Amino acid sequence: MTTHFLAATPRTVHWGRFWSGLPPVLEIDAGDTLTIETHSGREEVLPPDGSGMTVAPALRDILVTDLPRRGHLLTGPVAIRGAQPGDVLDIRIDAVELGADWGFNLVRPSSGTLIGEFPVSQQATTLIPVDRAACTARLPWGAVLPLNPFFGVMGVAPPPNGES
């Protein structure tokens, strides 16, 4: 069994889709351990210079590329050597670690769960400082929330042409 690290780079990420035609950026064996680096955020939600919040150079490198954009930024895909459509994959998440000292909340009146609940003029982005060591976030009004990070988006691409 081998341990792998998959960095988020312009070569290893794509924006928001599970697509069977997308070639794997890494192939591993069953039983291997893999750490996957991820990033989040487009230019309009990044903390400004001087804010005390750090934008990873890798995220900046990704954002300056001309990758087609839709949905969330995804790292991968990863192939399991020998796996075939219809096989059951046993994926175990050993840990999720915070990768940034900031997060954001975006209110867009025309999308999400509360469509129409906010006037268009209330579109807003709130930057939220994160204390990675304490695993907390401080909201703009001073409340400190304990964080329980999750892995974000993970999935298996559908088979090509609806085959299984």
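Only Lys, Arg, Asp and Glu count, each charged at its Cβ (+1, +1, -1, -1), so figure out the dipole size of the stretch 53-100 about its Cα centre, rounded to 20 debye.
Its charge dipole is roughly 180 debye.
Using Cβ point charges alone (K and R +1, D and E -1), the dipole size of the chain about the Cα centre works out to roughly 380 debye.
Under the √(5λ) rule applied to the eigenvalues of the Cα gyration tensor, what semi-axes describe the equivalent ellipsoid of the stretch 25-74? Give them in Å, descending.
Numbers: eigenvalues 147, 44, 16 Å².
That gives 27, 15, 9 Å for the three semi-axes.
Once all protein chains are placed together, ILE128 keeps about 30 Å² accessible to a 1.4 angstrom probe.
In the stretch 41-67, whose amide N lies under 17 Å from the spot 7 Å out along Cα-to-Cβ of ARG108? List them in ranges. Label zone hits: 41-46.
Residues VAL144, VAL96, VAL156, ordered by accessible area of protein heavy atoms at a 1.4 angstrom probe radius and largest first, appear as VAL156, VAL144, VAL96. Heavy-atom accessible area with a 1.4 Å probe sorts SER121, SER51, largest first, into SER121, SER51. Exposed loop sites here are GluC sites (Glu not before Pro) assigned a DSSP state other than H, G, I, E or B and surrounded by at most 13 other beta carbons within 10 Å; excluding them, the longest clear run of the chain is 1-96.
How large is the convex hull of the Cα atoms of the stretch 83-153 per residue, expressed in Å³ as a whole number?
153
Answer with one residue from LEU73, SER40, ALA124: the one whose Cα lies farthest towards the positive end of the charge dipole of the chain, charges on Cβ with Lys, Arg +1 and Asp, Glu -1. Looking along the dipole axis, the top candidate is ALA124. When DSSP beta bridges are restricted to pairs lying wholly in the chain, around 65% turn out antiparallel. Ranked from largest, the principal axis spans of the Cα set of the chain equal 52, 37, 29 Å.
Multiplying the residue separation of PHE151 and THR2 by 0.36 nm and removing their Cα-Cα distance gives an extension gain of 51.5 nm.
The values are calculated or read from the model by the stated rules, or taken from the named source; none is laboratory data. It should be emphasised that the depicted structure is a prediction, and the values quoted were computed from it without experimental measurement. Every residue, glycine among them, receives a Cβ derived from its backbone with ideal geometry; neighbour counts consider all protein chains shown. The accessibility values were calculated without ligands, DNA or RNA, using every heavy atom of the protein model including side chains. Shrake-Rupley method; radii C 1.70, N 1.55, O 1.52, S 1.80 Å.
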